[in-house]
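Asks: Supplied in C-alpha cells, the structure appears directly below.
Readers should treat all values here as calculations from the given coordinates under stated rules, not as data from a laboratory. Keep in mind that this is a model prediction, so the values were computed, not measured. Virtual Cβ from ideal backbone geometry, glycine too; neighbours counted across all protein chains shown.
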Amino acid sequence: MGAIELGPVWLSLQLAAVTVVVLLVVGTPLAWWLAFTRSRFKPGVEALVAVPLVLPPTVLGFYLLILLGPAGPIGRFWVQLTDTALTFSFQGLVVASVIYSFPFAVQPLQNAFENVGRGPLEAAATLGARPLDCFFRVALPLATRGVVTAVVLGFAHTLGEFGVVLMVGGNIPGETRVVSIAIYEHVETLNYAQAHILSAGLLVFSFAVLLGVYVFNRRLPVNRV
Amino acid sequence: MSTLAIDIRLARGDFRLRFDAELQLEGITAVFGPSGAGKTSLLRVIAGLEKEAEGRVALGGELWQDTDGNVMVPAHARHLGFVFQDARLFPHLSVEGNLLFAAERARRRNGVGAGWWRAGGADGREVGARETNAPTAPETSLPAVIQALDLKDLLGRKPDTLSGGEIQRVAMGRALLTAPRIMLLDEPLSALDLRRKAEIIPYVERLAGDFGVPVLYVTHNVDEVARLASSMVLLAEGRLAAMGGVAETLERVELWPITGRLEAGSVLEAIAGETRDGMTSLDVAGETLRVPAIGVSAGTQVHLRVQARDVAVACERPERLSIRNALPATLVSIQFSEAPFVELLLDVHGQHLRSRVTREAVEDLGLREGQPVFALIKSVAFEGRLLN
C-alpha cells in the first residue's frame, strides 16, 4: 500500500466545485422560469432537463464527445476561441458534468421556487421592491432549502460520475483523472489497496456531506408562506 | 380627495371583468359584491399585479396603465399599499424586518423621508389637496405607524407566532410604511372571528382617519361596509352594478339581489354619547338609543346598520319590555314582500328605518301608511362606524 494518491481527489473536488457554481448560475434562471412560466413549452423544457436522469451515461457521453470534439459544433467554436480542444480537458469535463448534473440542481430549485409562489413576490413588489430585489431578499431566503439541496446534489453527483467522464475526459492525470476513474484503474490493475483508500474516502465523504445537509435542513425553520 | 380613473378589461378562463368608472376616493370606499364578482381582480388590476389586464388606470394626474399608449407602470413603482387577504408577511423576517422592508424601499424610492409627497413634488405633482384634507395627519414614519397600529410589542416576533389579528395589523402597518397615495385592502378581516374583527376595525379606520390615506376596501360582508365605509362600489359578475353613498346604495330595492335580500335593512347616522356600565348612549336625530359599548369617544359620528328583521313596531310606547330602544317614527309605506312577511319603511325624524313583520301583524294592528308608530330595536343589532 503506497502513499495516498491526492491528485485525483483534488481534481474531483475542483471539478465538483466549478460545476456547482456553473449549475447555480445557469440553473437558477431556468428553474425560476420553469417555476413561474405559463408557456406551453414548459413540459418540453422540463423533459429535456430531466433526460440525463434516465439516459445511460455512455449515451450522454457519446453525444457529448461528438458535440464537444474538435469536429463538433461546440468543440469547433471552442477551438477557434481558445485554440485548445474541449474533449479530454478539464473544461470539457465541466461542460459534461454540468449537463449530466443539471436535473439534480434545477429540480430542487424549481420545487423551492414553486413553493415560495407568487404571493410573497407580489407582496414585495407592492412594497416597492424591484424584481432583482424581490429575488435576493425574498425568494432566495425562502428557497434556502432548495438551494442547499441543489448545491449538495450537484456536488455529490459530480463527484460520483464515471461514465460520462470516461467518454469525454479519458484518464489524463491532473487534467481529467478524477477519483472515480482512478478507482476504476486501480481495480483494473488489481491495486486493491489504493482502490480501497479512495473508495472508502468517497463513501465517508458522501455520507458526511449528506448527513450535514439533513441536519442543517432540520434546523432550518420551515418558512410557511 | 383623490380621483381614481379606471377603464379596464380582464379575461381569465370563463371570468370576465369589465370596469369603467371614476372613483372619488376619500376616507374608506367599500368594494362590495358576492364571491366571484371580481372584487379581488379589480384590486389586483389597480395594483398592477394583473399583467393581462387591458385598458387604463390613473390616480390623480398619474397614469399607471394605458394599454393603448403602451404604459404599464410596474407594481413596485405605483406608490400604493396593498393588504392581501392572507397578509403575506415575509416568514423569514421578524415583524420589525417586515416593517423595515417597506420603510427602506420607500425611503430609497422617494429620496427623503417617507412622507415625501406632502412636501409637494419635485416632479410637479399636485399634492396640495391632501394637505388641506388632513392637516394634522402624521407622516407615515416608522415610529408613527408602530404607535398607531400598536406594533411595539410585536417587533421582535416572527410572523408564525402572531395571531390572525396581529398579522393583519402588521400587514397594514407594512403597507402604510410605503407612504402610499392609496391603500388597497383585500378582505383583511375575512379570516378573523367576530371578536378579532371588532378589535381590528379601529385600526382600519386609522389608515384613512389619522394618516389621511384613501382606502379601497374589498369585502363581501355587508356589515363591514356599513361599519367602515362612507361610499361604496357594488360589483356583480365582473361588472359595476352601482356606486354611491353606503346608506342609499344599500337601501336600493333593485340592488337587493346583489346586496342580499335577507340582509335588507337600513343605515342610521348617530352621534356617540357617554359610555357607562358597558353601555353607550347614541343620539339619533334627537332620540336616544342605548347599545352595548361600541368603544368610541363621545361626540364621534357613527353609522348604525339595522337589519329589517331586528326592528319591530308598536302603536303605543311600550312599557315593561326587554327591548330597550323605542324610537317614535312615522310609517311611510307598507311594502309587500314574499308571504307571509311585509316590509315597513319608517321615518325617524328624517332618517329611514326598515322593519320586517308578518302580514298578519299589520292587519291585527290595523297599520296604515302615515300613521305614527314606535320602532323597537334590539340593542344587539348595531354596528357603529367612526367618521373622519
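Asks: Would you mind classifying region B:264-381 by shape? Square roots of the alpha carbon gyration tensor eigenvalues, ordered a ≥ b ≥ c; an a/c under 1.5 is rounded, otherwise it is prolate if a/b is larger than b/c and oblate if not.
Replies: prolate
Asks: Still on this structure, I have one more. Across chain A, where is the longest run that never hits trypsin sites (Lys or Arg not before Pro) in a DSSP loop with at most 16 other C-beta atoms within 10 Å?
Replies: It runs A:41-223.
Asks: While we're here: Want the number for residue B:190 to residue B:68: 0.36 nm per residue separation, take away the alpha-carbon distance, what's left?
Replies: 40.3 nm
Asks: Over all directions, what mean area does the Cα convex hull of region B:199-357 project, stated in square nanometres?
Replies: Taking a quarter of the hull surface, the average projection is 11.1 nm².
Asks: Now for a separate question. Work out the FRET efficiency for residue B:333 and residue A:33 from their Cβ-Cβ distance, taking R0 = 60 Å, and round it to the nearest 0.05.
Replies: Plugging the Cβ-Cβ distance into 1/(1 + (r/R0)^6) gives 0.40.
Asks: Using alpha-carbon pairs under 8 Å, 6+ residues apart, how would you state the relative contact order of region B:264-381 in percent?
Replies: RCO, region B:264-381: 30 percent.
Asks: Cβ under 15 Å from residue B:371's Cβ, residue B:371 left aside: what net charge do those residues give with Lys, Arg +1 and Asp, Glu -1?
Replies: Taking every other residue near residue B:371 into account, the sum is -3.
Asks: Which residues does the label zone of residue B:239 cover in region B:3-21, counting backbone N under 19 Å from a point 7 Å along Cα→Cβ?
Replies: Zone members listed by number: B:6-21.
Asks: Taking only Cα atoms, what is the 0 to 90° angle, nearest 10, from helix A:42-54's long axis to the longest principal axis of chain A?
Replies: 30
Asks: Dipole of region A:7-219, Cα-centred, from +1 at each Lys and Arg C-beta and -1 at each Asp and Glu C-beta, to the nearest 20 debye?
Replies: Around 720 debye, computed over region A:7-219.
Asks: Right, another one. Report the full-extension gain for the segment residue A:208 to residue A:66: residue separation times 0.36 nm, less the Cα-Cα distance, to one decimal in nm.
Replies: Length gained, residue A:208 through residue A:66: 47.4 nm.
Asks: Count the lysine pairs in the protein assembly as shown whose Cα atoms sit under 22 Å apart, keeping only pairs 8 or more residues apart in sequence or on different chains.
Replies: Count of close lysine pairs: 6.
Asks: Another question, then. Calculate the radius of gyration of the Cα atoms of region B:1-83 to one decimal place, then report Dmax, the largest Cα-Cα distance, as a whole number, both in Å.
Replies: 12.3, 36
Asks: Taking the Cα centre of region B:2-262 as origin, sum charge times position over the Cβ atoms of Lys and Arg (+1) and Asp and Glu (-1), and report the length of that vector in debye to the nearest 20.
Replies: That gives region B:2-262 a dipole magnitude of about 540 debye.
Asks: Take chain B, connect every pair of alpha-carbon atoms lying under 10 Å apart with a spring to form a Gaussian network, then pick out the residue of B:179, B:226, B:191 with the largest mean-square fluctuation.
Replies: B:191
Asks: When the chain is fully extended, how far beyond the present Cα-Cα distance does residue B:319 get from residue B:155, taking 0.36 nm per residue of separation?
Replies: Extra length available between residue B:319 and residue B:155 comes to 53.6 nm.
Asks: Give me the angle, in degrees from 0 to 90, between the Cα long axis of helix B:164-176 and the longest principal axis of the Cα atoms of chain B, rounded to the nearest 10.
Replies: For helix B:164-176, the angle is close to 50 degrees.
Asks: Using +1 at the Cβ of each Lys and Arg and -1 at the Cβ of each Asp and Glu in the protein assembly as shown, identify which of B:273, A:174, A:210 lies farthest towards the dipole's positive end.
Replies: After comparing all options, I get A:174.
Asks: Tell me, what is a quarter of the convex hull surface for the C-alpha atoms of the protein assembly as shown, in nm² with one decimal?
Replies: Mean projected area of the Cα convex hull: 37.7 nm².
Asks: Ok, one more. Taking only the alpha carbons of chain A, what extent do you get along each of the three principal axes, in Å, biggest first?
Replies: Principal axes ranked by extent give 64, 43, 29 Å for the Cα atoms.
Asks: Take the Cα atoms of region B:2-262, build their convex hull, and give its volume per residue in Å³.
Replies: It comes to 131 Å³ per residue, whole-number rounded.
Asks: Right, here's the next one. Rounded to the nearest 20 Debye, what is the dipole magnitude of region A:84-202 about its Cα centre when Lys and Arg each give +1 and Asp and Glu each give -1 at the C-beta?
Replies: Dipole about the Cα centre, nearest 20: 360 debye.
Asks: Between residue A:40 and residue A:21, how many nm apart are label points set 7 Å from Cα along the C-beta direction?
Replies: Label-label distance for residue A:40 and residue A:21, simple model: 4.1 nm.
Asks: Here's a follow-up. For region A:82-119 and region A:1-74, write down the distance between their C-alpha centroids in whole Å.
Replies: Cα centroid of region A:82-119 versus Cα centroid of region A:1-74: 4 Å apart.
Asks: Now for a different question. Below 8 Å between Cα atoms, with a sequence gap of 6+, how large is the relative contact order for region B:310-351 in percent?
Replies: Across region B:310-351, relative contact order equals 30 percent.
Asks: So what is the orientation-averaged projected area of region A:1-118, using the convex hull of its C-alpha atoms, in nm²?
Replies: Projected over every direction and averaged, the Cα hull of region A:1-118 covers 10.2 nm².
Asks: How far apart, in nm, are two points set 7 Å out from the Cα along the Cα-to-Cβ line at residue A:13 and at residue A:84?
Replies: About 2.1 nm separates the two model spin labels.
Asks: Looking at B:286, B:323, B:353, which one has the Cα that reaches farthest to the positive end of the dipole of region B:264-381 (charges on Cβ: Lys, Arg +1; Asp, Glu -1)?
Replies: Of B:286, B:323, B:353, it is B:323.
Asks: Could you work out the relative contact order of chain B, using alpha carbon pairs under 8 angstrom and six or more residues apart, expressed as a whole percent?
Replies: Here the relative contact order equals 17 percent.
Asks: Under a plain spin-label model, where a point goes 7 Å from the Cα along Cα-to-Cβ, how far apart in nm are residue B:365 and residue B:223?
Replies: Label-label distance for residue B:365 and residue B:223, simple model: 2.5 nm.
Asks: Restricting attention to region B:134-224, which GluC sites (Glu not before Pro) occupy a DSSP loop and are surrounded by at most 11 other Cβ atoms within 10 Å?
Replies: Of the GluC sites (Glu not before Pro), not one in the loops of region B:134-224 has a Cβ with at most 11 other Cβ atoms within 10 Å.
Asks: Rounded to the nearest 500 deg cm²/dmol, what is the calculated helix-only ellipticity per residue at 222 nm for chain B, with -39500 (n - 2.57) per DSSP H run of length n ≥ 4?
Replies: -6500 deg cm²/dmol
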